[in-house]
DNA sequence: TTTAGTAAG
């Protein structure tokens, strides 16, 4: 078979005479010469060697343009060659030499590349050709904030490099390690790299680390930045590249010791911004009005409307459907307006609808229809939708806030930042020129919006983070080099929690228990509960409960079928409380062989349950590795053992029933109520709760009844009467102590 | 008598 491409190649490098001349030069070298020049012998060629850390774009491109894949020794495929041409058109390609020059002369560099610049796929490859990590037995890591991104980019880059995914190019995310000893380029979630740092504190297996999407400032990215900065001092051979879309470059440069900054333009279309002339009283009304205006007056093109939450989104969709019905009745010309909701808890099949084609015109020559996607800020970063031409931005989103004084994380509808507003507007310019309607005044944009959203580390409970940092060997948290330091009070709260859980001793040193706890990808309270369950011999059951507590709510309750859903849920309920209900639900799911129909009929979220199953397997493996007993409890003691384990982890989240009939939380005496979703109907004297939610009232959600004496037995360090405020709970506990002393002295007699 | 922005380990 004559292969056309090879034939052409022969003619191109052509020059048969030249080849023959060369072959005649020296008999000794003739074989080598032939291998070098004869394309039919190309597979015998040794790939041209690049010198690590000293390559130029031209040298690297020559190899990329060649016939043999330097990483596998195989012939490049036609598919590779096709993709290569497209890669060369990416904006980042024009900056390859500049990038290499910066990498050669600096340990750390910052790279800002707008959407469509190709930075996430190309920069790691530029580095692979330059670093030659395989010769050093090392890898290059590129982190992503999200699992899907790590996975899909890795697959794309494996194609681009003409290798099999999981071999030279791989990825590593929770539940899936798709790498091999051959791997030289590894995409991974930022959290995963942080996990690796716990066993390999200097990250010795990497010769270069790329932190991508740094502007998102996830908890893990922030910690990694501090950590890597520290590692860099002791590992001069480690290259570090911080990449992001829009980045507060001055702040980043200052933090990274004035590292040089490379800017790469993106490939997007201009978006025209329109502001409201005056402040809107009700942004939801204004948003719906704007949708209708666009639909009736503007050119074809889909709309993306940002709202704050599920309920608001469903409500807006309903109203838009009504509006559409009246419009269609009023005119036969106008196209259909089809609202599509989008938020994370929506079942995947419904999420897919955002990619459907817009509705067709209602007849020949009539106006086409239009999709309007009504979304949370999931569409701001996590999901990109092509075909959006109009964006409506009311300027709000739900954001997590943490109040260390009352130790509560809650969600609050808050104004977005300028960075967020720009990101939202950008969503209109992905396919062609677009428009963004901001439902606030320009004045308000300039004066009221913060430049950047507060990073997560400043808005979160840091229990887990502090445990991880301790495990990473960071002893002095107060002086750890955070880009933005969390509030001292937040750190104090975390240290206090870990001390009470006996993960840290009074000097703040990690204890043996703390070492074990840090191994689990769970909140400290859940870790403690698991460890205790081994002692109380019910770890099989507690494992399931922990897994169920670490996934999104499994109980589905559609607005129009509440009663039926509640009735179905009742079959799993147990008098001891909601934790046991979770256990029974999970057990029923397994007993029914994870059947999707069974889930559907019982109003259970299949996705959540499957994910609980995955978590459970992972946690069980960690327990076995740490030699913690995984045992099934004896039936007669089962539920009290489980409740004792719960108490061992959550003794700081206890409420006591007062004579008034209200619950007060322990020590800080907040009035709290049992969440209406709880299966507990009568009011037990003592309850532990999993979380505290602040809505119309202060609610405890997912609660279980316990006994006062357990608190004294299991957590004497917290229930120390010499350090306990006066209150009914204290008096109740003192009565228990007295009774116990009495009965034990009776026994002694 | 009623919540859930997003993501990660």
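Relative to the longest principal axis of the Cα atoms of chain A, helix A:283-297 runs at roughly 30 degrees. What does the C-alpha gyration tensor say about the overall shape of the range A:531-636? Classify as rounded when a/c is under 1.5, otherwise prolate if a/b is larger than b/c, or oblate. Since a/c reaches 1.5 and a/b is larger than b/c, the shape of the range A:531-636 is classed as prolate.
Considering helices alone, the calculated mean residue ellipticity of chain A at 222 nm is -13000 deg cm²/dmol, with DSSP H runs of length four and up weighted by -39500 (n - 2.57) and normalised per residue. Computed from label points 7 Å out along Cα-Cβ, the spacing between residue A:732 and residue A:156 is 5.7 nm.
In this rough spin-label picture, where each label sits 7 Å from Cα along the Cβ direction, the residue A:500-residue A:229 distance is 3.2 nm. Angle of helix A:524-535 to the longest C-alpha principal axis of chain A, folded into 0 to 90 degrees and rounded to 10: 70°.
For the range A:654-746, give me the percentage of DSSP beta bridges that are antiparallel, rounded to the nearest 5 percent. Of the beta bridges lying entirely in the range A:654-746, close to 90 percent run antiparallel. Assuming a ≥ b ≥ c are the square roots of the Cα gyration tensor eigenvalues, decide whether the range A:64-172 counts as rounded (a/c under 1.5), prolate (otherwise, with a/b larger than b/c) or oblate. It comes out rounded by the Cα gyration axes. The distance linking the range A:670-749 with the range A:81-124 is 59 Å (Cα centroid to Cα centroid, whole angstrom). Compared with the dominant Cα axis of chain A, that is its longest principal axis, helix A:119-131 is turned about 60°.
Taking every alpha-carbon pair under 8 Å whose residues sit at least 6 apart, the range A:654-746 reaches a relative contact order of 22 percent.
Calculated FRET efficiency, residue A:258 and residue A:447, Cβ-Cβ r, R0 45 Å, to nearest 0.05? Kindly include the intermediate steps, with their values, before the conclusion.
Numbers: r = 31 Å, r/R0 = 0.70.
Calculated transfer efficiency: 0.90.
Normalised radius of gyration (Cα atoms, divided by 2.2 N^0.38 Å) for chain A: 1.12.
Exposure proxy for A:696, A:511, A:120: other Cβ atoms within 10 Å of each Cβ, ordered fewest to most, give A:696, A:511, A:120. Take every Cα pair under 8 Å whose residues are at least 6 apart in sequence, average their separation, divide by the length of the range A:57-264, and the relative contact order is 27 percent.
Taking the number of Cβ atoms within 10 Å of each Cβ as an exposure proxy, the fewest-first ranking of A:662, A:295 is A:662, A:295. When only Cα pairs below 8 angstrom with a gap of at least 6 residues are kept, the range A:472-587 shows a relative contact order of 13 percent.
Between residue A:328 and residue A:251, the distance separating the two model label sites (each 7 Å from Cα on the Cα→Cβ line) works out to 4.7 nm.
Summary of the geometry: the range A:443-491 and the range A:214-228, compared by the centres of their Cα atoms, lie 10 Å apart.
Length gain on complete extension for the stretch residue A:601 to residue A:511, per 0.36 nm per residue less the alpha carbon to alpha carbon distance? If you can, show how the numbers build up before the last one.
Details: separation 90, 0.36 × 90 = 32.40 nm, distance 4.69 nm.
Contour length minus Cα-Cα distance gives 27.7 nm.
Post the alpha-carbon centroid distance, the range A:520-569 to the range A:601-669, in whole angstrom. So the two Cα centres are separated by 6 Å.
Read-outs throughout are calculated quantities, based only on the coordinates presented, and are distinct from any laboratory measurement. On a predicted model such as this, the values are computed, not experimentally measured, just so you know. Counting neighbours? That spans all protein chains shown, and the Cβs are built from the backbone with ideal geometry, glycine included.
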